[in-house]
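Please read the structure below before turning to the comments.
The values are calculated or read from the model by the stated rules, or taken from the named source; none is laboratory data. What you see is a predicted model, and the numbers here were worked out from it, not measured in a lab. Backbone-built Cβ (ideal geometry, glycine too); neighbour counts: all protein chains shown.
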2 protein chains.
Amino acid sequence: MKVIHDLNEIYTQIDFVRRDARRIGVVPTMGALHNGHLSLVQRAKQECDVAVATIFVNPTQFGPNEDLAKYPRTLESDLEGLRQLGCDFVFVPPSDRVYRANHSTFVEPPLVGKRWEGELRPGHFRGVTTIVLKLFQLIPAHVAYFGRKDYQQVAVIRAMVDDLNIPIRIEACATVREPDGLAMSSRNRYLSTEDRGRALGLWLALTKAQNCLMAGDTTCESLERGMRDELAKAPVDSIDYAAIVDPVTMEPMRQVDETAVAIIAARVGSTRLIDNMTLVANEK
Amino acid sequence: MKVIHDLNEIYTQIDFVRRDARRIGVVPTMGALHNGHLSLVQRAKQECDVAVATIFVNPTQFGPNEDLAKYPRTLESDLEGLRQLGCDFVFVPPSDRVYRANHSTFVEPPLVGKRWEGELRPGHFRGVTTIVLKLFQLIPAHVAYFGRKDYQQVAVIRAMVDDLNIPIRIEACATVREPDGLAMSSRNRYLSTEDRGRALGLWLALTKAQNCLMAGDTTCESLERGMRDELAKAPVDSIDYAAIVDPVTMEPMRQVDETAVAIIAARVGSTRLIDNMTLVANEK
């Protein structure tokens, strides 16, 4: 496994692999890798000839009051995990090299990033689209793998790639969960034992929405009420949103005809967690 | 010469050339080609193995009161000129295929695009950065050639490429001029015979600034006054700006120590013209 720090070198190496007509898969991460990230790398290994992971805690996607400074950094064990999976390249740029001193060009994110995370974390998606576009230029891969846990992020990146004709395919991979259902997240390590119990509320609320839908309740207002009840039971400390949305536009829906996505953001202790589930209605 | 209309096809063909390790040069244009454009294609032919020109009148860089609808379209003679130079590929996308129906991702241009054209043509550079980035994704070339006549545009594109790590080199090529000094421009064809005479005022003002600087006048205020006098003599109908700026940041300067750029935008009849000249002070 080659660990590369230099921006020119990663481009040169991957471009070289590309000329060989070998298929390249990239997994952009902020490190603090858990099994969710590792499943993306495994997928890249299965589907491509060469797997590249990137580790960079991107400052432009954190708000001024967010957890940039204390975001977990676990480089040694990250590299160990990647090595065990046979990851071919890891790009770990020095934090001061990714943005030039006078950096001022940003990617204004697509409409699908407007609500939900976009509203609650102003500037977040602008940071995400900008860094992802930069990584896609530095690492000319054929496929990029992202976790479906960040559902809106994947939708934003997909729309960006389509709008800007970026020659890469985006693959959204299933959320990896703890045995009890909690979605894996680098931020889970912030949770105290007591928080950890309450954090399960997100999963319980999502499965409740799916169960109610299967039982014939197709009204979003009622499904959302069910989710909020479940979150209150956990209890979580606050709910940013708990909504049923269109899987493509992420606009709120009134009625589920075929599919929808249930999305939740809630705070447990001082930790903000998000999760989602694709809902499928019973055939009529 | 291959004329390609389809977005997937241009990418596939150019990516194929690239795998052959052949060097690719691209010249993005809006058509209505004059000798300035053709000199860029010639340069691409000289320096690269394969030259690609693009012809697309990009709607997102025109303001609501600008000349999008009446922008000159001369496809047949454009193609003839390119064929004569031995251009290898011409990409002429159908106007409704470049932006998807729900296109909403834009490139927010760098700071160097804030003043001058950026101020007078709100949204112009956002349209430019967005289309140029899209073309750079569709056509993975090694070098892109732009005319120095659009000085600020080149500065904006250069900063974007650096900020976003786009793997392409930007070459700014000398402005091609009519025998009397008027910079070639697709918009010159709008000028009546009488306008055409007055349009020379831009060139006269620029050369006056250079002459005054050579004569020892290094104060920008005074150099700018000289340019305005010359423009008033032409006379042009209005002056958008006539300024001496830093060649990199394009911020106004007070004093020319070594080099600077004189930039002018002025209206002659209903035609808006721009021009510029790099000024060099006498060695001390």
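Looking at B:Ser185, B:Ser192, which is the one that is buried (at least 20 other Cβ atoms within 10 Å of the Cβ) and either away from chain A (no Cβ under 14 Å) or over 18 Å from the mean Cα position of the chain (by Cα) (or both)? That would be B:Ser185, the only listed residue that is buried (at least 20 other Cβ atoms within 10 Å of the Cβ) and either away from chain A (no Cβ under 14 Å) or over 18 Å from the mean Cα position of the chain (by Cα) (or both). A single entry from A:Val107, A:Val132 fulfils the requirement of being assigned to a helix (DSSP H, G or I) and modelled with pLDDT of 95 or more: A:Val132. In this structure, does B:Ala243 turn out to be assigned to a strand (DSSP E or B), farther than 22 Å from B:Arg189 by Cα and at pLDDT 95 or above? It is true that B:Ala243 is assigned to a strand (DSSP E or B), farther than 22 Å from B:Arg189 by Cα and at pLDDT 95 or above. A Cβ distance below 7 Å, combined with a sequence gap of six or more or placement on separate chains, defines the contacts here; from the stretch B:176-187, residues that are under 21 Å from B:Arg73 (Cα atoms) reach residues that are of a type in the set (Val, Ile, Thr) and at pLDDT 95 or above in the pairs B:Ala183/B:Thr175; B:Met184/B:Val176; B:Arg187/B:Thr271. When the stretch B:171-182 is limited to residues that are within 12 Å of the chain's Cα centre (by Cα) and of a type outside the set (D, E, K, R), the one that is nearest to the other protein chains (Cβ to nearest Cβ) turns out to be B:Ala172.
Consider B:Ala53 carefully, then state whether it is surrounded by 14 or more Cβ atoms within 10 Å (Cβ to Cβ), part of a strand (DSSP E or B), of a type in the set (A, V, I, L, M) and in the same structural domain as B:Ile131 (by TED's automatic domain parsing). Yes; evaluated as a whole, the condition is true for this residue. Residues in the stretch B:1-33 that are in a helix (DSSP H, G or I) and free of Cβ contacts under 8 Å to residues at least 60 places away in the same chain: B:Asn8, B:Glu9, B:Thr12, B:Phe16, B:Val17, B:Arg19. Identify, please: which residue in the stretch A:117-130 is out of contact with any Pro (no Cβ under 8 Å at 6 or more places or on another chain) and surrounded by fewer than 24 Cβ atoms within 10 Å (Cβ to Cβ) and is, among those, nearest to the other protein chains (Cβ to nearest Cβ)? Only one residue fits best here, namely A:Gly123.
Of all the listed residues (A:Asp246, A:Asp237), the sole one being without any contact (Cβ under 8 Å) to a residue 60 or more places away in the chain, charged (D, E, K, R) and under 28 Å from A:Glu283 (Cα atoms) is A:Asp246. Taking the listed residues A:Gly226, A:Gly123, the one that is of a type outside the set (Val, Ile, Thr) and free of Cβ contacts under 8 Å to residues at least 24 places away in the same chain is A:Gly226, with no other qualifying. Scanning the stretch B:140-153 for residues that are farther than 17 Å from B:Val41 by Cβ and either among the aromatic types (Phe, Trp, Tyr) or more than 9 Å from chain A (Cβ to nearest Cβ) (or both) turns up B:Tyr151, B:Gln152, B:Gln153. Residues of the stretch A:59-68 include at least one that is within 29 Å of A:Thr249 (Cβ to Cβ) and within 14 Å of chain B (Cβ to nearest Cβ). For the stretch B:180-202, the criterion of a residue being modelled with pLDDT of 95 or more, assigned to a loop (DSSP other than H, G, I, E, B), among the acidic types (Asp, Glu) and more than 24 Å from B:Met30 (Cα to Cα) is satisfied by at least one position. Just one of (1) surrounded by fewer than 19 Cβ atoms within 10 Å (Cβ to Cβ); (2) in a loop (DSSP other than H, G, I, E, B) fails for B:Lys149. It is (1). Listed by first and then second residue, the pairs linking a residue in the stretch A:93-112 that is touching a residue at least 60 places away in the same chain (Cβ under 8 Å) and more than 7 Å from chain B (Cβ to nearest Cβ) to a residue that is crowded, with 17+ Cβ neighbours inside 10 Å and part of a loop (DSSP other than H, G, I, E, B), with Cβ atoms under 6 Å apart and 6 or more places separating them unless they lie on different chains, are A:Pro93/A:Phe56; A:Val112/A:Met250. The set of residues from the stretch B:15-50 being within 14 Å of another protein chain (Cβ to nearest Cβ) and either over 24 Å from the mean Cα position of the chain (by Cα) or not aliphatic (A, V, I, L, M) (or both) comprises B:Asp15, B:Phe16, B:Val17, B:Arg18, B:Arg19, B:Asp20, B:Ala21, B:Arg22, B:Arg23, B:Pro28.
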